[in-house]
Amino acid sequence: MAKSGVIVAVVGGIVVSLTLFSMFVLHDMNALEQAEGHLHQLQRQAEECTQRAGAREKQLSSTVESLKSKRNDVCQKQSTALVQALQGEVEKLSRRLEATTAPGESSDSARDNPQGRWTDGKSSFDLPEHICDFERFNGPEWFKKQGCSGETCSGKMPTKPTVFTGMMDDWGGMQMNWTYEMMADMYGSVHIELFDEWEQAGGVLGYAVAGKSGGSAFQVRDVVRKFRDEHFMGEHEDFYCGAVDSKTNKDRNGSPPHGRVSVDCKMSLCCQMKGAGIIKVPKWLEGDSFPTGESFSFSPSGGGFAMHAHSAAWLGLVHGEKAWFVEDPTKIDPSRPYYDKVLPQILNARGFAKQVMQLPVAKRPWFCVQRKGDLLYLPDAWWHATLNRGDFSLAFGTKPTWFNTEFKKAGSVDARYNKGDVIASETVKKQSTALALKIEKATTVKDLSQLATLVIDATRQELSRERVSPNDRDRSRAGGNAVAAAATLCIAAKGLERRNIVRINTAPWQVKNEDEALLLDWLRNAKAYNKDSSACKEVLGAERWDKLTPAPV
């Protein structure tokens, strides 16, 4: 029994041990399986991570390649732009070489202007077109920001020259490709006034001729021929635009038209274009204008005005381009560095544009090029001169009365309330070049000696720049300064004779005193510089002018 008990105990112990062993084994196997599961999970995660890393690497590689491609594109564009810029400079230099003339020669006028260069009527040149000293705004947005339109904007207009865009989009003329042929076809039979270069309103030389009130009448087709084929440097300008009251048959001034073609719509290019919607007053600028307050011009390449001033105005450009030379009315006087080059109211812009723009910024007038669709606003009495480019320029504008707050308050057309013209008149009085004023105030011939010296010197400098002798009778056309100088000297002589200060004698042996000798010297200089002066023929008489012997310059 004792043995049996021992055996049973031993067997029981073995069973218990085996059971415990099995439990431990099963536990370890479960742990192993769990470990293997974790391992497989880690392996999958590692594989997924590797895959993601690979995809990310591919993505980054693609991005890098894209950036490299974009960089190459940018470099290519920059290189192309640089090449084009260099080519442009080469072309400019080539044109300059082509335009260069040898001593005693003068190049043909670039009337068709295929390279888009500026011309003085004899040769072409460049101006710094990237410069614009005026502020520039989108017109509709500017007026919206001001919260006004038309007369409600009185007192809110800019105080400095400003270019507005987007205000001429509904003008019919903006959609047309203007040419001389189109102008002749559409309006060839219309009669318009044509002013010679010396008698343009801007130069006011015409105003110094007693009794002269208008230009000569031509049909548009004849004007086209004169601009295109005869290199005529005058222009058509219209300040009435056919504005005659049908009931009273009087113009804005309350006067009868006196045969002026511009105050008959049937003979007014401006009036007919307005009726056709080719030109119009933008809705933001609507309102009454001053007497002779509309401004319509049709002018050739190289044409333009001398420095002049008037009340505030706007001008929209339908065709061509205009270079503007502008100065603050408080700053233009003989002390300015450019004064002897510009000679306000005397020299047209074609004679001084190139030289003035070579001066430092602080020593030249404000400058900007107006292009098709630009509307230019000038405040009261700002002095300005223009030079046209393209086959011709076509422009329209007005002088709204509400630009002047004093005038608006007065409720009258009395010019005394036109602040702009009052300021302009005061600044004109300060100029040594105010010809009409100086003629009326003169008591002797010598009172005009300073002005005569200025215009003669300006012409001599012009001839020196052209490298052409004034005695060279083969010169095709007189320069801008020569045209203005001859007109100035002849008008001065006629004005002094009209006031009985001196008598004009055209031969040395007829001269009786010092005043007559001085006057004869001016006239002989005038003929030396411009023997075909239309101004001198008109104010002195063709016969008297033809008998005059030019000075040996």
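Being under 22 Å from K160 (Cβ atoms), assigned by TED's automatic domain parsing to the domain that holds P158 and in contact with a strand residue (DSSP E or B) (Cβ under 6 Å, 6 or more places away or on another chain) holds for only one residue in L359, L387, L394, L347, and it is L387.
If you check D340 against the conditions, is it over 25 Å from G172 (Cα atoms), part of a helix (DSSP H, G or I) and assigned by TED's automatic domain parsing to the domain that holds C153? It is true that D340 is over 25 Å from G172 (Cα atoms), part of a helix (DSSP H, G or I) and assigned by TED's automatic domain parsing to the domain that holds C153. Checking each residue in segment 146-156 for being touching a helix residue (DSSP H, G or I) at 6+ places or on another chain (Cβ under 6 Å) and either under 20 Å from G373 (Cβ atoms) or among the polar types (S, T, N, Q) (or both) picks out S149, S154. If only residues of segment 378-401 that are in a loop (DSSP other than H, G, I, E, B) and at negative phi are counted, the one that is modelled with the lowest pLDDT is D380. Examine segment 153-172 for a residue that is more than 30 Å from S533 (Cα to Cα), free of Cβ contacts under 8 Å to residues at least 24 places away in the same chain and not in a helix (DSSP H, G or I), and state whether such a residue exists. Within segment 153-172, one or more residues are more than 30 Å from S533 (Cα to Cα), free of Cβ contacts under 8 Å to residues at least 24 places away in the same chain and not in a helix (DSSP H, G or I). Just one of the listed residues (A528, A485) is surrounded by 15 or more Cβ atoms within 10 Å (Cβ to Cβ), under 26 Å from S123 (Cα atoms) and touching a Leu at 6+ places or on another chain (Cβ under 9 Å), namely A485. Filtering segment 301-316 for residues that are farther than 25 Å from D421 by Cβ and either surrounded by 24 or more Cβ atoms within 10 Å (Cβ to Cβ) or not β-branched (V, I, T) (or both) leaves a non-empty set.
Scanning segment 509-533 for residues that are at pLDDT 90 or above and either in the same structural domain as M233 (by TED's automatic domain parsing) or in a helix (DSSP H, G or I) (or both) yields a total of 16.
Residues in segment 167-203 that are surrounded by 14 or more Cβ atoms within 10 Å (Cβ to Cβ) and closer than 30 Å to F143 by Cβ: M167, M168, W171, G173, M174, M176, W178, A201, G202. For segment 263-285, the criterion of being in the same structural domain as M174 (by TED's automatic domain parsing), more than 23 Å from W178 (Cα to Cα), at pLDDT below 80 and in a loop (DSSP other than H, G, I, E, B) is met by at least one residue. For E105, the criteria (1) in a loop (DSSP other than H, G, I, E, B); (2) modelled with pLDDT of 80 or more hold in every case but one, which is (2).
Exactly one residue out of F290, F298 is over 22 Å from P140 (Cα atoms), modelled with pLDDT under 90 and touching a helix residue (DSSP H, G or I) at 6+ places or on another chain (Cβ under 7 Å), and it is F290.
Selection of segment 425-462 for residues being within 17 Å of A349 (Cα to Cα), of a type in the set (D, E, K, R) and surrounded by fewer than 21 Cβ atoms within 10 Å (Cβ to Cβ) yields D457, R460. Name the one entry in T506, T427, T459 that is in contact (Cβ under 8 Å) with a residue 40 or more places away in the chain and in a loop (DSSP other than H, G, I, E, B). Going through T506, T427, T459 in turn, the sole match is T506. Screening S412 on (1) part of a helix (DSSP H, G or I); (2) modelled with pLDDT under 90; (3) not hydrophobic (A, V, I, L, M, F, W, C) shows it passes everything except condition (1).
Looking at this structure, is E294 part of a strand (DSSP E or B) and surrounded by fewer than 22 Cβ atoms within 10 Å (Cβ to Cβ)? In short, no.
The values are calculated or read from the model by the stated rules, or taken from the named source; none is laboratory data. Fair warning: this is a prediction, and the values are worked out from it, not measured in the lab. So basically every Cβ, Gly included, is an ideal-geometry build from the backbone, and we count neighbours across all protein chains shown.
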